[in-house]
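Q: Following this message is one structure expressed as structure tokens.
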Amino acid sequence: MPEPIHAVSPLATDIPAGVDVDSIVATVRESRVSAPADEQDGLTAAVNRAEDHGIDLSIVIVPDEPRHDSQLRDLATAVGAREGGTVLVLSPGQVGTFSDSISRVTLEAGQDRTYTGNHVVAADNFVDTLVEDQTPWGLLTGGLVVIVAAVAALTAAVKVRRYRARSATADQHDAQPVER
């Protein structure tokens, strides 16, 4: 049986071929958007809208399709590791995200709404997901726990009352003289 491979450090990231991370980071540092000139205004508007809601968003457009969609996530992670915040990376048909403040569940929900074929619409849809009210799972769970506890307490109270009623009936029955 072969020996298992034990990684001492994380595996290297796989960035799409021909992408210069340093150049992207420099552009993102200046304008929060690394994209072709004809998409700059629309993407900047999405970044500004996210910022209005307290989200530090950067958007990167990769002109060519990578081999794997995980390469876009790795690129988003590389940019986010240097700049922080939330990073959205879009190619013609794939998406990758990173965030140091937003849950992976929310990011992936946003990613699901980005497959539009239009980067500006995709970015707007992504921001819509980030800024819309999220399901308050903690509140729902707490409410469910309270309801279950209340039902358990009510059930226990009913059982105690029944037990006392049966005991009282049995005591009365035992206390009555038997007629013949």
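Q: Dipole magnitude of the chain about its Cα centre, charges +1 at Lys/Arg Cβ and -1 at Asp/Glu Cβ only, in debye to the nearest 20? All intermediate terms of the calculation are to be shown ahead of the outcome.
A: Values: 14 positive and 26 negative charges, 343 e Å.
Magnitude of the dipole: close to 1640 debye.
Q: Put +1 on the Cβ of each Lys and Arg and -1 on the Cβ of each Asp and Glu in region 116-171; which of Gly143, Ala123, Ala153 then has its Cα farthest toward the positive end of the dipole?
A: It is Ala153.
Q: Further question on the same structure: Helix-only mean residue ellipticity at 222 nm, the chain, DSSP H runs n ≥ 4 weighted -39,500 (n - 2.57), per residue, nearest 500. What is it? All intermediate terms of the calculation are to be shown ahead of the outcome.
A: Working: 6 runs with 102 residues, N = 180.
For the chain, the value works out to -19000 deg cm²/dmol.
Q: So, one more: Leaving ligands, DNA and RNA out of it, report the carbon-plus-sulfur percent of the accessible area of the chain at a 1.4 Å probe. The partial results should precede the final answer.
A: On the way: 6660 of 11980 Å².
Result for the chain: 56 percent of the exposed heavy-atom area is carbon or sulfur.
Q: Pop out the ³J(HN,Hα) list for region 109-119 in order, Karplus 6.51 cos²θ - 1.76 cosθ + 1.60 with θ = phi - 60°, rounded to Hz; leave Gly and Pro as x.
A: Listing the rounded values in order: 5, x, 4, 4, 9, 9, 7, 10, x, 10, 4 Hz.
Q: Taking a probe of 1.4 angstrom, what is the accessible area of Glu132 in Å², to the nearest 10?
A: Approximately 90 Å² for this residue.
Q: How large is the accessible surface of Val146 in square angstrom, using a 1.4 angstrom probe and rounding to the nearest 10?
A: We get 100 Å² for Val146.
Q: Then there is this: Please give the charge dipole size of region 25-68, origin at the Cα centre, charges +1 on K and R Cβ atoms and -1 on D and E Cβ atoms. Round to the nearest 20 debye.
A: On the way: 4 positive and 9 negative charges, 33 e Å.
So the dipole magnitude of region 25-68 works out to roughly 160 debye.
Q: Ordering Arg32, Arg49, Arg166 by how much accessible area each has at a 1.4 Å probe, largest first, what is the list?
A: Ranked list, largest accessible area first: Arg166, Arg49, Arg32.
Q: Quote the relative contact order of the chain in percent (integer), defining contacts as alpha-carbon pairs under 8 Å separated by 6+ residues.
A: Numbers: 213 pairs, mean separation 28.6, N = 180.
Computed over the chain, the figure is 16 percent.
Q: Here is a further query. In square angstrom, rounded to the nearest 10, how much accessible surface does Ser101 have for a 1.4 Å probe?
A: Here the accessible area works out near 90 Å².
Q: Report the one residue of Ala165, Gln94, Gly42 whose Cα lies farthest in the direction of the positive end of the charge dipole of the chain (charges on C-beta: Lys and Arg +1, Asp and Glu -1; origin at the Cα centre).
A: Value: Ala165.
Q: Same structure, new question: Using a 1.4 angstrom probe with every protein chain in place, what is the largest-first accessible-area order of Asp14, Asp56? List each step's numbers first, then the result.
A: Numbers: Asp14 55, Asp56 75 Å².
Greatest to least solvent exposure: Asp56, Asp14.
The values are calculated or read from the model by the stated rules, or taken from the named source; none is laboratory data. Values in this document were obtained by computation on a predicted structure and should not be read as measured data. FYI the Cβ positions are ideal-geometry reconstructions off the backbone, even for glycines, and counts take in every protein chain you see. With ligands, DNA and RNA removed, areas are computed over all heavy atoms of the protein, side chains included. Shrake-Rupley method; radii C 1.70, N 1.55, O 1.52, S 1.80 Å.
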